[in-house]
Amino acid sequence: MATKPKAFVKSVEGGKTESGYLFLGNEMFFKDLCRQALRKAVIDDDPEGLVEIDLKKESLARLWDETRSLSLFATSRLIIGVNAEAALPRGRSRAADEAREEIAQYFANPTPGVVVVFECTQFDARERDEKAKSERVEKFYDAVPVTVEMGRLGPQDSLRACHALAKRKGLQVETEVLAELTDMMGGDLARLDSELEKLSLYAGKAGVITRADIELLTPEARQSGVFELSDALARKDRGRALEIVHTLASGGAYWPMQIALLAGLFRQALAVRELQARDSRQVVAALGRYGVRIWPSRAQQLLGVARQFSKRELERALMCFFKADRDLRSPRPDDRVIMERLIVELTA
(Lines give C-alpha, C1' and ligand atoms only; values in the text may rest on other atoms or scores of the structure.)
Protein backbone atom coordinates (compact mmCIF):
# COMPACT_ATOMS: atom_id res chain seq x y z
CA MET A 1 0.00 0.00 0.00
CA ALA A 2 1.34 3.45 -0.95
CA THR A 3 0.60 6.70 0.82
CA LYS A 4 1.76 10.32 0.93
CA PRO A 5 3.55 11.99 3.87
CA LYS A 6 0.52 14.07 4.93
CA ALA A 7 -1.76 11.01 5.09
CA PHE A 8 0.98 9.02 6.84
CA VAL A 9 1.46 11.61 9.58
CA LYS A 10 -2.31 11.89 10.09
CA SER A 11 -2.57 8.10 10.39
CA VAL A 12 0.21 7.58 12.94
CA GLU A 13 -0.85 10.61 14.98
CA GLY A 14 -4.30 8.99 15.11
CA GLY A 15 -2.75 5.92 16.71
CA LYS A 16 -2.68 3.63 13.67
CA THR A 17 0.72 2.12 12.93
CA GLU A 18 1.82 -0.82 10.79
CA SER A 19 4.61 -3.31 11.36
CA GLY A 20 6.74 -1.85 8.58
CA TYR A 21 7.25 1.15 6.31
CA LEU A 22 9.32 1.93 3.24
CA PHE A 23 10.31 5.60 3.01
CA LEU A 24 10.91 6.07 -0.71
CA GLY A 25 12.14 9.33 -2.23
CA ASN A 26 14.75 12.01 -1.64
CA GLU A 27 12.77 14.88 -0.10
CA MET A 28 14.54 15.07 3.26
CA PHE A 29 11.92 17.40 4.74
CA PHE A 30 9.24 14.71 4.39
CA LYS A 31 11.59 12.02 5.69
CA ASP A 32 12.35 14.00 8.85
CA LEU A 33 8.66 14.89 9.32
CA CYS A 34 7.53 11.26 9.00
CA ARG A 35 10.32 9.93 11.16
CA GLN A 36 9.49 12.43 13.91
CA ALA A 37 5.79 11.48 13.83
CA LEU A 38 6.62 7.78 13.96
CA ARG A 39 9.04 8.19 16.85
CA LYS A 40 6.38 10.02 18.83
CA ALA A 41 3.69 7.44 18.05
CA VAL A 42 5.72 4.26 18.58
CA ILE A 43 8.24 5.01 21.33
CA ASP A 44 7.13 8.43 22.59
CA ASP A 45 10.61 9.76 21.73
CA ASP A 46 12.22 7.34 24.22
CA PRO A 47 15.83 6.92 22.98
CA GLU A 48 15.96 3.42 24.49
CA GLY A 49 13.37 2.27 21.98
CA LEU A 50 15.15 3.52 18.87
CA VAL A 51 17.64 1.41 16.91
CA GLU A 52 19.31 2.67 13.72
CA ILE A 53 21.21 0.30 11.44
CA ASP A 54 23.20 1.60 8.48
CA LEU A 55 22.66 -0.95 5.72
CA LYS A 56 25.68 0.39 3.86
CA LYS A 57 27.82 -1.02 6.66
CA GLU A 58 25.72 -3.89 8.02
CA SER A 59 23.59 -6.62 6.50
CA LEU A 60 19.85 -7.23 6.48
CA ALA A 61 20.55 -10.27 8.67
CA ARG A 62 21.78 -7.88 11.38
CA LEU A 63 18.50 -5.94 11.12
CA TRP A 64 16.38 -9.11 11.38
CA ASP A 65 18.37 -10.22 14.44
CA GLU A 66 17.57 -6.87 16.04
CA THR A 67 13.84 -7.22 15.34
CA ARG A 68 13.78 -10.54 17.21
CA SER A 69 15.82 -9.32 20.18
CA LEU A 70 14.01 -8.31 23.35
CA SER A 71 14.72 -5.04 25.15
CA LEU A 72 14.88 -4.77 28.93
CA PHE A 73 14.11 -1.05 28.84
CA ALA A 74 11.50 -0.51 26.12
CA THR A 75 8.14 -2.20 25.53
CA SER A 76 7.92 -0.85 21.98
CA ARG A 77 10.78 -0.40 19.54
CA LEU A 78 11.39 1.47 16.30
CA ILE A 79 14.08 -0.06 14.09
CA ILE A 80 15.26 2.08 11.18
CA GLY A 81 17.38 0.72 8.37
CA VAL A 82 19.04 3.78 6.82
CA ASN A 83 20.62 3.68 3.34
CA ALA A 84 18.36 0.71 2.63
CA GLU A 85 19.19 0.86 -1.11
CA ALA A 86 22.58 -0.62 -0.23
CA ALA A 87 20.95 -3.87 0.92
CA LEU A 88 19.91 -4.80 -2.63
CA PRO A 89 22.05 -7.59 -4.10
CA ARG A 90 23.54 -6.66 -7.45
CA GLY A 91 21.66 -7.74 -10.57
CA ARG A 92 19.14 -10.55 -10.76
CA SER A 93 20.44 -13.33 -8.59
CA ARG A 94 19.38 -16.07 -6.25
CA ALA A 95 20.60 -13.92 -3.37
CA ALA A 96 18.12 -11.19 -4.36
CA ASP A 97 15.23 -13.66 -4.47
CA GLU A 98 16.19 -15.06 -1.07
CA ALA A 99 16.45 -11.58 0.45
CA ARG A 100 13.00 -10.62 -0.89
CA GLU A 101 11.56 -13.89 0.47
CA GLU A 102 13.08 -13.18 3.89
CA ILE A 103 11.41 -9.73 3.93
CA ALA A 104 8.04 -11.32 3.01
CA GLN A 105 8.40 -14.01 5.69
CA TYR A 106 9.12 -11.46 8.41
CA PHE A 107 6.15 -9.23 7.64
CA ALA A 108 3.86 -12.26 7.38
CA ASN A 109 4.60 -12.81 11.08
CA PRO A 110 6.18 -9.60 12.50
CA THR A 111 7.49 -9.27 16.05
CA PRO A 112 4.83 -7.64 18.30
CA GLY A 113 5.68 -4.14 19.49
CA VAL A 114 8.32 -3.60 16.78
CA VAL A 115 8.01 -1.19 13.84
CA VAL A 116 10.60 -1.49 11.07
CA VAL A 117 11.39 1.36 8.67
CA PHE A 118 13.51 1.09 5.54
CA GLU A 119 14.77 4.50 4.43
CA CYS A 120 15.52 4.61 0.69
CA THR A 121 16.23 8.27 0.02
CA GLN A 122 18.99 8.15 -2.59
CA PHE A 123 16.92 8.18 -5.80
CA ASP A 124 14.37 10.59 -7.27
CA ALA A 125 11.81 8.72 -9.39
CA ARG A 126 11.10 11.93 -11.31
CA GLU A 127 14.64 11.99 -12.69
CA ARG A 128 14.97 10.02 -15.90
CA ASP A 129 18.31 8.48 -14.93
CA GLU A 130 17.07 7.38 -11.49
CA LYS A 131 13.53 6.19 -12.19
CA ALA A 132 14.54 2.61 -12.99
CA LYS A 133 16.72 2.42 -9.86
CA SER A 134 13.86 3.70 -7.69
CA GLU A 135 11.47 1.16 -9.20
CA ARG A 136 13.96 -1.66 -8.52
CA VAL A 137 14.20 -0.60 -4.86
CA GLU A 138 10.41 -0.46 -4.57
CA LYS A 139 10.07 -3.94 -6.07
CA PHE A 140 12.69 -5.38 -3.72
CA TYR A 141 10.80 -4.08 -0.69
CA ASP A 142 7.28 -4.72 -2.03
CA ALA A 143 6.46 -7.00 0.94
CA VAL A 144 6.82 -4.07 3.37
CA PRO A 145 3.22 -3.19 4.38
CA VAL A 146 3.25 0.56 3.59
CA THR A 147 5.31 2.65 1.17
CA VAL A 148 5.51 6.37 1.96
CA GLU A 149 6.29 8.27 -1.24
CA MET A 150 8.58 11.20 -0.52
CA GLY A 151 9.31 12.61 -3.96
CA ARG A 152 9.97 16.27 -4.69
CA LEU A 153 6.91 18.46 -5.19
CA GLY A 154 6.03 20.35 -8.33
CA PRO A 155 6.19 24.18 -8.47
CA GLN A 156 2.67 24.96 -7.25
CA ASP A 157 2.70 22.35 -4.46
CA SER A 158 6.12 23.54 -3.32
CA LEU A 159 4.88 27.13 -3.17
CA ARG A 160 1.85 26.09 -1.11
CA ALA A 161 4.13 24.12 1.24
CA CYS A 162 6.40 27.17 1.52
CA HIS A 163 3.40 29.31 2.44
CA ALA A 164 2.45 26.81 5.15
CA LEU A 165 6.01 26.76 6.55
CA ALA A 166 6.19 30.55 6.62
CA LYS A 167 2.83 30.78 8.38
CA ARG A 168 3.88 28.18 10.95
CA LYS A 169 6.96 30.28 11.75
CA GLY A 170 4.89 33.46 12.08
CA LEU A 171 6.43 35.13 9.02
CA GLN A 172 4.73 37.73 6.85
CA VAL A 173 6.09 37.39 3.32
CA GLU A 174 4.53 38.49 0.04
CA THR A 175 3.55 35.63 -2.28
CA GLU A 176 5.84 36.92 -5.03
CA VAL A 177 8.82 36.95 -2.68
CA LEU A 178 8.02 33.45 -1.42
CA ALA A 179 7.76 32.25 -5.02
CA GLU A 180 11.24 33.62 -5.74
CA LEU A 181 12.63 31.93 -2.63
CA THR A 182 10.98 28.63 -3.60
CA ASP A 183 12.51 28.94 -7.07
CA MET A 184 15.97 29.67 -5.64
CA MET A 185 15.81 26.52 -3.50
CA GLY A 186 14.56 24.42 -6.43
CA GLY A 187 11.50 23.41 -4.40
CA ASP A 188 13.69 21.60 -1.84
CA LEU A 189 11.51 21.78 1.28
CA ALA A 190 14.34 20.91 3.67
CA ARG A 191 16.39 23.86 2.40
CA LEU A 192 13.30 26.09 2.39
CA ASP A 193 12.57 25.19 5.99
CA SER A 194 16.16 25.98 6.94
CA GLU A 195 16.13 29.35 5.13
CA LEU A 196 12.76 30.33 6.62
CA GLU A 197 14.00 29.42 10.09
CA LYS A 198 17.04 31.68 9.56
CA LEU A 199 14.78 34.48 8.27
CA SER A 200 12.43 34.12 11.26
CA LEU A 201 15.34 34.59 13.68
CA TYR A 202 16.40 37.66 11.70
CA ALA A 203 12.87 39.13 11.59
CA GLY A 204 12.23 38.69 15.31
CA LYS A 205 8.77 39.37 16.71
CA ALA A 206 7.73 41.57 13.80
CA GLY A 207 7.96 38.60 11.42
CA VAL A 208 8.05 40.75 8.29
CA ILE A 209 10.42 39.57 5.55
CA THR A 210 11.16 41.56 2.40
CA ARG A 211 13.03 40.79 -0.80
CA ALA A 212 15.97 42.81 0.54
CA ASP A 213 16.13 40.53 3.61
CA ILE A 214 16.28 37.45 1.39
CA GLU A 215 19.00 38.99 -0.77
CA LEU A 216 20.98 39.74 2.39
CA LEU A 217 20.65 36.33 4.07
CA THR A 218 20.18 33.80 1.27
CA PRO A 219 23.31 33.04 -0.82
CA GLU A 220 21.23 31.78 -3.77
CA ALA A 221 19.55 35.18 -4.07
CA ARG A 222 22.84 36.65 -5.19
CA GLN A 223 22.63 34.58 -8.36
CA SER A 224 19.93 36.96 -9.60
CA GLY A 225 22.80 39.29 -10.57
CA VAL A 226 23.68 36.79 -13.30
CA PHE A 227 20.41 37.50 -15.14
CA GLU A 228 20.84 41.26 -14.67
CA LEU A 229 24.32 40.97 -16.15
CA SER A 230 23.05 38.91 -19.10
CA ASP A 231 20.40 41.58 -19.81
CA ALA A 232 23.07 44.30 -19.84
CA LEU A 233 25.26 42.20 -22.15
CA ALA A 234 22.36 41.62 -24.52
CA ARG A 235 21.79 45.38 -24.76
CA LYS A 236 25.54 45.93 -25.26
CA ASP A 237 25.26 48.25 -22.26
CA ARG A 238 28.89 48.20 -21.18
CA GLY A 239 28.39 50.83 -18.47
CA ARG A 240 25.58 48.91 -16.77
CA ALA A 241 27.45 45.61 -17.06
CA LEU A 242 30.55 47.11 -15.41
CA GLU A 243 28.35 48.60 -12.70
CA ILE A 244 26.90 45.14 -11.93
CA VAL A 245 30.40 43.67 -11.81
CA HIS A 246 31.39 46.41 -9.35
CA THR A 247 28.32 45.64 -7.18
CA LEU A 248 29.09 41.93 -7.18
CA ALA A 249 32.73 42.63 -6.33
CA SER A 250 31.67 44.83 -3.40
CA GLY A 251 29.56 41.93 -2.13
CA GLY A 252 32.56 39.61 -2.13
CA ALA A 253 31.64 37.63 -5.24
CA TYR A 254 33.73 34.55 -5.97
CA TRP A 255 34.41 35.07 -9.67
CA PRO A 256 35.00 31.46 -10.80
CA MET A 257 31.55 30.64 -9.43
CA GLN A 258 29.98 33.67 -11.15
CA ILE A 259 31.60 32.63 -14.44
CA ALA A 260 30.30 29.09 -13.95
CA LEU A 261 26.78 30.46 -13.34
CA LEU A 262 26.96 32.64 -16.45
CA ALA A 263 28.32 29.80 -18.56
CA GLY A 264 25.58 27.48 -17.33
CA LEU A 265 22.95 30.10 -18.13
CA PHE A 266 24.27 30.65 -21.67
CA ARG A 267 24.62 26.90 -22.32
CA GLN A 268 20.99 26.36 -21.36
CA ALA A 269 19.92 29.37 -23.42
CA LEU A 270 21.78 27.90 -26.41
CA ALA A 271 19.95 24.60 -25.87
CA VAL A 272 16.62 26.46 -25.74
CA ARG A 273 17.41 28.12 -29.07
CA GLU A 274 18.39 24.85 -30.71
CA LEU A 275 15.28 23.10 -29.34
CA GLN A 276 13.15 25.98 -30.69
CA ALA A 277 11.02 26.17 -27.54
CA ARG A 278 8.38 28.91 -27.74
CA ASP A 279 7.16 29.20 -24.14
CA SER A 280 8.22 28.29 -20.61
CA ARG A 281 6.28 25.01 -20.60
CA GLN A 282 8.09 23.83 -23.72
CA VAL A 283 11.42 24.85 -22.15
CA VAL A 284 10.69 22.83 -18.97
CA ALA A 285 9.63 19.79 -21.02
CA ALA A 286 12.51 20.02 -23.51
CA LEU A 287 15.26 20.34 -20.90
CA GLY A 288 13.55 17.75 -18.70
CA ARG A 289 14.07 15.15 -21.44
CA TYR A 290 17.79 15.64 -20.93
CA GLY A 291 17.57 15.33 -17.16
CA VAL A 292 17.73 19.10 -16.49
CA ARG A 293 15.07 20.18 -13.98
CA ILE A 294 14.09 23.85 -14.00
CA TRP A 295 11.11 25.81 -12.76
CA PRO A 296 8.67 27.81 -14.95
CA SER A 297 9.98 31.15 -13.71
CA ARG A 298 13.57 30.15 -14.51
CA ALA A 299 12.42 28.75 -17.86
CA GLN A 300 10.89 32.13 -18.70
CA GLN A 301 14.18 33.84 -17.86
CA LEU A 302 16.08 31.37 -20.06
CA LEU A 303 13.65 32.01 -22.87
CA GLY A 304 14.36 35.73 -22.52
CA VAL A 305 18.13 35.17 -22.72
CA ALA A 306 17.73 32.87 -25.74
CA ARG A 307 15.71 35.55 -27.54
CA GLN A 308 18.18 38.33 -26.71
CA PHE A 309 21.22 36.57 -28.22
CA SER A 310 21.80 34.89 -31.56
CA LYS A 311 23.20 31.37 -31.67
CA ARG A 312 26.56 32.76 -32.80
CA GLU A 313 26.63 35.28 -29.94
CA LEU A 314 25.87 32.57 -27.38
CA GLU A 315 28.64 30.35 -28.73
CA ARG A 316 31.11 33.26 -28.74
CA ALA A 317 30.15 34.15 -25.16
CA LEU A 318 30.83 30.57 -24.04
CA MET A 319 34.34 30.80 -25.50
CA CYS A 320 34.90 34.08 -23.64
CA PHE A 321 33.69 32.50 -20.37
CA PHE A 322 36.11 29.61 -20.87
CA LYS A 323 39.06 31.98 -21.33
CA ALA A 324 38.03 34.10 -18.32
CA ASP A 325 37.70 31.01 -16.12
CA ARG A 326 41.15 29.82 -17.23
CA ASP A 327 42.69 33.22 -16.50
CA LEU A 328 41.02 33.42 -13.07
CA ARG A 329 42.68 30.13 -12.12
CA SER A 330 46.15 31.23 -13.25
CA PRO A 331 48.82 32.19 -10.64
CA ARG A 332 48.12 35.55 -8.95
CA PRO A 333 45.23 36.67 -11.20
CA ASP A 334 43.84 40.21 -11.11
CA ASP A 335 40.15 39.27 -10.87
CA ARG A 336 38.81 42.76 -11.50
CA VAL A 337 40.88 43.24 -14.68
CA ILE A 338 39.86 39.82 -16.01
CA MET A 339 36.14 40.50 -15.44
CA GLU A 340 36.31 43.97 -16.95
CA ARG A 341 38.13 42.60 -19.99
CA LEU A 342 35.39 39.96 -20.31
CA ILE A 343 32.70 42.66 -20.29
CA VAL A 344 34.53 44.66 -22.95
CA GLU A 345 34.81 41.56 -25.19
CA LEU A 346 31.14 40.68 -24.81
CA THR A 347 29.86 44.22 -25.44
CA ALA A 348 32.14 44.97 -28.42
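Of everything in the range 316-325 that is under 30 Å from the mean Cα position of the chain (by Cα) and without any contact (Cβ under 8 Å) to a residue 60 or more places away in the chain, the residue that is surrounded by the fewest Cβ atoms within 10 Å (Cβ to Cβ) is 322.
Residues in the range 178-208 that are closer than 30 Å to residue 121 by Cβ and β-branched (Val, Ile, Thr): 182 only. Against the test of being of a type in the set (D, E, K, R) and not in a helix (DSSP H, G or I), the options 142, 157 yield a single qualifying residue, 142.
Counting only residues that are within 30 Å of residue 177 (Cβ to Cβ) and either free of Cβ contacts under 8 Å to residues at least 40 places away in the same chain or among the polar types (S, T, N, Q) (or both), the range 134-159 holds 5 of them.
Just one of the numbered conditions (1) more than 23 Å from the chain's Cα centre (by Cα); (2) modelled with pLDDT under 75 is not true of residue 230: (2).
Restricted to the range 143-197, and to residues there that are under 29 Å from residue 17 (Cα atoms) and of a type in the set (Asp, Glu), the residue that is surrounded by the most Cβ atoms within 10 Å (Cβ to Cβ) is 193.
Checking each residue in the range 132-173 for being at pLDDT below 80 and among the acidic types (Asp, Glu) picks out only 157. Among residues belonging to the range 326-336 that are assigned to a helix (DSSP H, G or I) and in contact with a helix residue (DSSP H, G or I) (Cβ under 9 Å, 6 or more places away or on another chain), point out the one that is farthest from residue 260 (Cα to Cα). The selected residue is 336.
Please count how many residues of the range 102-114 are assigned to a helix (DSSP H, G or I) and surrounded by fewer than 11 Cβ atoms within 10 Å (Cβ to Cβ).
Residues meeting the conditions: 1.
Out of 41, 2, report the one residue that is within 26 Å of residue 131 (Cα to Cα) and under 31 Å from the mean Cα position of the chain (by Cα). First the steps, then the outcome.
Numbers: 41 fails: within 26 Å of residue 131 (Cα to Cα).
Going through 41, 2 in turn, the sole match is 2.
Go through (1) charged (D, E, K, R); (2) closer than 27 Å to residue 283 by Cα; (3) surrounded by fewer than 16 Cβ atoms within 10 Å (Cβ to Cβ) for residue 243 and report which single condition fails. Of everything listed in (1) charged (D, E, K, R); (2) closer than 27 Å to residue 283 by Cα; (3) surrounded by fewer than 16 Cβ atoms within 10 Å (Cβ to Cβ), residue 243 misses just condition (2).
Across the range 297-313, not a single residue is classified as surrounded by fewer than 18 Cβ atoms within 10 Å (Cβ to Cβ), in the same structural domain as residue 269 (by TED's automatic domain parsing) and hydrophobic (A, V, I, L, M, F, W, C).
The values are calculated or read from the model by the stated rules, or taken from the named source; none is laboratory data. If you're wondering where the values come from, they're calculated on a predicted model, not measured in any experiment. So basically every Cβ, Gly included, is an ideal-geometry build from the backbone, and we count neighbours across all protein chains shown.
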